[in-house]
Each structure stands twice: as structure tokens, then as C-alpha cells.
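Notes to accompany the following structure.
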Amino acid sequence: MSFKLFPPAELKSAIKVIAKNYPVLDDKQKGISVRFKTKEPGEASPIAEVIDKDTICLFYESTAQALRNIGLLMATNEKLSRKLPAKKITPEKIVDSFPTAESCPFKTFGVMYDCSRNAVPKVETVKRRLLRLALLGYNRVMLYCEETYRLDGEPFFGFQRGGYTSADIREIDDYAFALGMEIVPCFQTLAHLSQIFRWDVYKDIHDTASNLLVDEEKTYALIEKMLQFWSKSVRSRVVHIGMDESWGIGSGRFKETHPDNPNESQFTIIARHLNRVSDLCRKYGLTAIMWGDMWFRIASKTGNQYDRSLVIPEEIKRQIPENVQLCYWDYYNRAEDDYHFNFRRYRELHGEPLFASGAWSWSLFWYNAAFTNRTAGPGIRAARQDKVRDVLITIWGDDGAYCDFESSFAGLTELANTAYLTPHTKHPPCARDQHAALHGEDTFNAVMRLSLECNAVWTSLVWDDPLILHVSSFLHGKNPPPDGNGKPIRWLDLTKNLSRILSLLNHCPVTEYGMGGSIPYARALVAFLLAKMQLVDAIVDAYRKPVSKRRSAIRATNLRIRRYMTALENLQVEHRNMWMTNNRPQGYETIQIRLAGMLERARECQRRLQDYANGEIPVIPELEDALKLWGKYSTRINNWADNAYGTIIT
């Protein structure tokens, strides 16, 4: 069934963009007519009603909800199309299946994409994401760019990092504006700038590993260039100036430049710097958002921003500028009470905060739904109850951004539904139908099955060396790590799970452009993990045999090694396809070097095993070491990803 939309003037530009991308909304075809009508905010009235035998009306409070309603219309059509022929889909059947009485209490409801950990999305990718986010009801998007944008007169700022030009950002901003969405720049004006310090030209503004030098005039000259870039590139007069995780601020070169007060409080250093930056924002007519964690970390004896016993001095509170909104970010707490407590504390510190939760994607090869549901779900529900005005879902790319960020759309769909759900809602939207309508294929179940299982242990197992066996040893231990639901991840259970997931993926259609999560890449990832586990089992079992039988058993593992190498080569191909479809090429060299290094280590594993099987070496020291502690660990690895890379941590 197709739909002919008759929008009011305020929705015409957005619907023109949407209809261009979704043929089901082609007004040149015969179909059901769709009218639009505004309603009062918070009104518990139906979203849709039948006007006559050929027409329905969609009610909306805002542009974001109007576009979400179009997305729900497409999802309802998707649902009915699986059951009925097009000629039997009537306005009555649509309205009867439509969700009712949705309402989003947030003034801004947005998504932030990390564009700084190697993966810089192409402009086309950002636009495709904006379109689908608009149809889910989001109205704000932030692009997190530490130095992945190009400043005039700063050739080394973002050099070979795939950075955006001002023209790129204006193209993105124009597209967002047509969809009624706001692009808010999100960059750094204090910490997280280690990339620029690789270049000697920035030595004069370098304090510690990733921090700018506070009070240095050259620092503020660079920050002013940042503000000039973003001010001329977007319509929004809001900028996110970062300043989170400024570890060790004032402990580096700052001590040399402030000999009279080398041990100044981190509170006052950050407050003074923030006031300088906020003054620059005023100069360009901008208001600022700042990550709020450092105020709480400094006040805590343990550096924990969620420490309930910490106290921030009153004189520091008074130094936070009025034109700065604090951002309370929390990707970890699971109880709504924790969020209620922190909303109160932020309001006591500096008024209404922006709340940032997370769709877990960082240090992962695929979106993690289990942990997102346990953290972001309670956070959004608490934000609704506490009448928080601004909410943001972050998608980070720590450790190289090797995740297929498209896989997070399943989570963004569910989180949008959580945000819009009211006590009066009947027939709540089905995320599967929404996902299929937005992405063109019904892959939601496969995407979510993988999302509910994939976690940081999978990441570590991907990088785990087949001879060093750091992670494999732990998974055989007495105290294996938990999955997103707190259940221990045991080796045998994981093997069975991977087999089941691979079977599901093998029966799933291929998605065009990898939108919503690349199924070919997902297959390659799961098949590789399964091949690695089978190889590890074969090697360990063979090497544990009596000495008289060990060499022949080791020789027999060669078939497993070849299968493992084939699976790794396929993962390389599909990961590259996924990356190059969505991202600019700069940054992929990091992941390519890692994967190529793994392939060479597989060859080395093959050589070492052959040398032993042929009697050229008496033992394999790497395996001897691993098997001494195999299955005997009773502690946890502190950092799974780092420990997976081998004996030398980088």
C-alpha cells in the first residue's frame, strides 16, 4: 500500500526529503491519503483517526513527532503487509493497528555520533542516518569531532584524519534543517586532544598527554578558530565544548608556566579556563554545553563522578558561567534511583542539565543491546519522570571504532519508543516493523539476536592470540566474566551460542549498504569467532595429550588453522566493505594493521606447531606458559581489550 501525504507548510520540506527516499510515500500513485493536524502538547488523544474511506489524519505536537508518526505509518503498513494484500489495507485497519497517545516530554531528543576514533562517517552516511533518526522522532544530532575537522591556517589540525570541511558540515546542516533537525557541534576545548600533540607545532599549548595548556594565549587563539569554524558551518547557536576526562589537568607543563602556584586546585584551573571559553562563545553568539564529570570527579576522594558522598565547594559553583549547560553523562548505572539522585545533584550545581545516555557500541564489533537496555532504559524513564528537558543518546567508538555503528539503529529504535511511551499508549510500536520499514528488509531479529549476545569479551576474543591465549584462559577459569545480563560467559556455552547465531544469520537476507547493520559482516564476525574457538580447542586438546601422541595430534590441527585463516581473511574483507561503505578511508589503516597482524600471527602459529610436530623444537614455550594456568584463574582481567593484544600491551 502506498500513501499520498498532504502536509501543512511547516512539514513540506521534511516530507519532500522523506518521500524521495521511500517509494511507499509516493504521492503519484493511488493510495490512502494522509492529512496532518496539530494537537496540544501532552494531550492524551489518538495519534491517528479515520477521516473517510480513503483518508486518515495524523496528529502531532511538534515536527519531530509528525515525522515519527510517518515512520509509524510506514511500520504499520509493513506489519499489515505481512498479513494482508495491499487492497485490503484500509484506513480503519491502519488506525486500529496504530500506536495511541504517544508523547515525548523532551525539548531536544538527540543522538551523538563519535567521529574521532578513526571512523569519520561520510557526508552521505550522516544524511542517511539523519533521515532515519527523524522518522524515529529524534530532533537533534551531534557530531563528536576532537580534531576531525579542518581549520583555516592549521594544516596539522586533523591532518590525515578524514576531517570535515566547513562545506561538508553546511551540507549536513542543510539536510538536517530540511528535516526539522538541529546539528549541534560537539568538540573539545580542553582534553581529548592527544592527536594534535603528535605535531611539534602544538608544543606551546601542550599541558599533559591530552590536555591543552590553560592560561596560554595561543590555546585561546586555537579555540577561537574552532568556534569560528562551527559558528559559520551550522545554524544552531549551541555548541558542545567538551572538557570531560581532563585527567591530570595542571600537572604537566602548567607547573612550569605557573611557578608561583604550581599546585593550584584543579577546580579553579578548569573554572578559569571555562570562563575564558564561555567569553569566546558569547563573542560569537553561542551558548555552550560542557560534559559535567570533572566537577564531581575532583570533589570525590576516589575520582568517582557518581560518588554520593562528594561535596562541591560553593565558591566553585558560583564560577560556572550562566551561558554553559552541564551535561550529566551516565552509561553505567542501572537503577532509576541513581538517575533521580544525579539529576537532583546536577540541578543543585548548575540548573537544568542535558542528560546523555549511551547505546553501547564502543570497544565492540557490534551494538550491545543487553547492557544498553539495563542502563539507558532506566535513565530515559527517570528523565521522563524528572521532567529533564534535553536528552542525548551517545554512540562512542573507543579503541578504534571498529563497530558497525549501523547495528545500533535497532537500539535507537527501542530507545525512541521508550522516550515516546506514555501511560496512555495502547498498541505500542513494534521495533521489528519500524526497523524493516526504515531499512527495506526484515533483519531486526538477526540484528538483535547478535546485539543481545555481543559484548566486550567477544572483542577480546577476536584479538586473542591463538598461542598466547590470555582471554581463552580466562574463559575456561573459575570466575568467567559476565555478559550484559550478569550471566557468566562460559566457553562451551559461548560456542553453542555462536553456532545458533550463525545459523540465524545464514538464513537472513543481505542488507543493501549495510543499513541497519551489515549481515554479511555479522556472518563473517561470528564465523571467525567460532573458527577461533574451534582452533583453540584443537590446539589445547592436542598439546595436553601424552607426549607419545602429542606430535601427531598437533600435526592434525593444521586443518583447523587453515579454516581459521580463511575465516579471518573473510572477516577482513567484510569489515573493510562495512567500513568503506559508511566511513572515510583515513583511520582504517589502524584496524587493517591489527587484522593483518592477526593473520601473520596465525601463520606464525602454524609454523610453531609444524616445528613441534616435525620434532624441530622440544616444546612450545607459549603453550607451556598458557597451560600452566589454564582454567585456574580466580581473578578478573582489569582491561579485557588491552590484555587481548598479547604479552606487550599497547
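Out of the residues in the stretch 565-585 meeting the condition of being among the charged types (D, E, K, R) and surrounded by 18 or more Cβ atoms within 10 Å (Cβ to Cβ), tell me which one is farthest from the chain's Cα centre (by Cα). Of everything passing the filter in the stretch 565-585, E574 is farthest from the chain's Cα centre (by Cα). Residue check: F254 meets all listed conditions (1) open to solvent by less than 10 Å² (accessible area, probe 1.4 Å); (2) within 28 Å of L392 (Cβ to Cβ) but one, namely (2).
Scanning the stretch 280-320 for residues that are in a helix (DSSP H, G or I), open to solvent by less than 30 Å² (accessible area, probe 1.4 Å) and within 29 Å of N263 (Cβ to Cβ) turns up L280, D293, M294, W295, F296, A299, I316.
Restricted to the stretch 12-124, the set of strands (runs of 3 or more DSSP E) holding at least 3 residues that are without any contact (Cβ under 8 Å) to a residue 60 or more places away in the chain and over 30 Å from E171 (Cβ atoms) comprises 32-38, 48-52, 55-60. For N211, are the conditions met, namely being open to solvent by less than 30 Å² (accessible area, probe 1.4 Å) and polar (S, T, N, Q)? When the stated conditions are applied, N211 passes them.
Go through the stretch 579-650 and tell me which helices (runs of 4 or more DSSP H), entirely inside it, have 3 or more residues that are under 30 Å from R161 (Cα atoms) and at pLDDT 95 or above. It would help to see each step written out before you state the result.
Numbers: elements: 588-613, 621-628, 640-644.
Output list reads 588-613.
Note on the stretch 332-358: residues that are surrounded by 24 or more Cβ atoms within 10 Å (Cβ to Cβ) and over 18 Å from D244 (Cβ atoms) total 1. Considered as a group, the residues in the stretch 55-72 that are out of contact with any helix residue (DSSP H, G or I) (no Cβ under 6 Å at 6 or more places or on another chain) and farther than 22 Å from A176 by Cβ include one that is surrounded by the fewest Cβ atoms within 10 Å (Cβ to Cβ), and that residue is T55.
Is it the case that some residue within the stretch 151-170 is in a loop (DSSP other than H, G, I, E, B), surrounded by fewer than 18 Cβ atoms within 10 Å (Cβ to Cβ) and of a type in the set (D, E, K, R)? Looking through the stretch 151-170, at least one residue is in a loop (DSSP other than H, G, I, E, B), surrounded by fewer than 18 Cβ atoms within 10 Å (Cβ to Cβ) and of a type in the set (D, E, K, R). Within the stretch 321-352, the residues that satisfy the criterion of being assigned to a strand (DSSP E or B), under 22 Å from the mean Cα position of the chain (by Cα) and of a type in the set (A, V, I, L, M, F, W, C) are L326, C327, W329.
The residues on offer are L469, L461, L450, L392, and the sole one that is on the phi > 0 side of the Ramachandran plot, out of contact with any Lys or Arg (no Cβ under 6 Å at 6 or more places or on another chain) and of a type in the set (A, V, I, L, M) is L469. Restricting attention to the stretch 423-462 and to residues that are of a type in the set (S, T, N, Q) and either modelled with pLDDT of 90 or more or assigned to a helix (DSSP H, G or I) (or both), the residue that is nearest to T100 (Cα to Cα) turns out to be Q434.
Scanning the stretch 436-461 for residues that are under 19 Å from I70 (Cα atoms) and open to solvent by 40 Å² or more (accessible area, probe 1.4 Å) yields a total of 3.
Of all residues in the stretch 424-435, those that are open to solvent by 30 Å² or more (accessible area, probe 1.4 Å) have Cβ atoms under 6 Å from Cβ atoms of residues that are modelled with pLDDT of 85 or more and of a type in the set (S, T, Y), 6 or more apart or on another chain, in K426/T100. Looking across the stretch 73-118, the residues that are buried (at least 19 other Cβ atoms within 10 Å of the Cβ), within 18 Å of R140 (Cα to Cα), at pLDDT 95 or above and not aromatic (F, W, Y) come down to G110, V111, M112, D114, C115. Among the residues of the stretch 397-421 satisfying the criterion of being in a loop (DSSP other than H, G, I, E, B) and open to solvent by less than 20 Å² (accessible area, probe 1.4 Å), which is farthest from T125 (Cα to Cα)? Here the residue is G400. I'm told A382 meets every condition in (1) without any contact (Cβ under 8 Å) to a residue 60 or more places away in the chain; (2) in a helix (DSSP H, G or I); (3) in contact with a helix residue (DSSP H, G or I) (Cβ under 9 Å, 6 or more places away or on another chain); (4) closer than 22 Å to G486 by Cα except one. Can you identify the failing condition by its number? All conditions are met except number (4).
In contact with a Lys or Arg (Cβ under 9 Å, 6 or more places away or on another chain) and modelled with pLDDT of 95 or more: does that describe K127? Spelling it out, it is not the case that K127 is in contact with a Lys or Arg (Cβ under 9 Å, 6 or more places away or on another chain) and modelled with pLDDT of 95 or more.
Among the residues of the stretch 198-251, those that are more than 18 Å from F156 (Cβ to Cβ), within 29 Å of the chain's Cα centre (by Cα) and aromatic (F, W, Y) comprise W230, W247.
The values are calculated or read from the model by the stated rules, or taken from the named source; none is laboratory data. All values reported here derive from a predicted model rather than from experimental measurement. Heads up, the Cβs are rebuilt from the backbone with ideal geometry, glycines too, and the neighbour counts pull from every protein chain shown. Side chains are part of the model used for accessible areas, which takes the heavy atoms of the whole protein and leaves out ligands, DNA and RNA. Shrake-Rupley method; radii C 1.70, N 1.55, O 1.52, S 1.80 Å.
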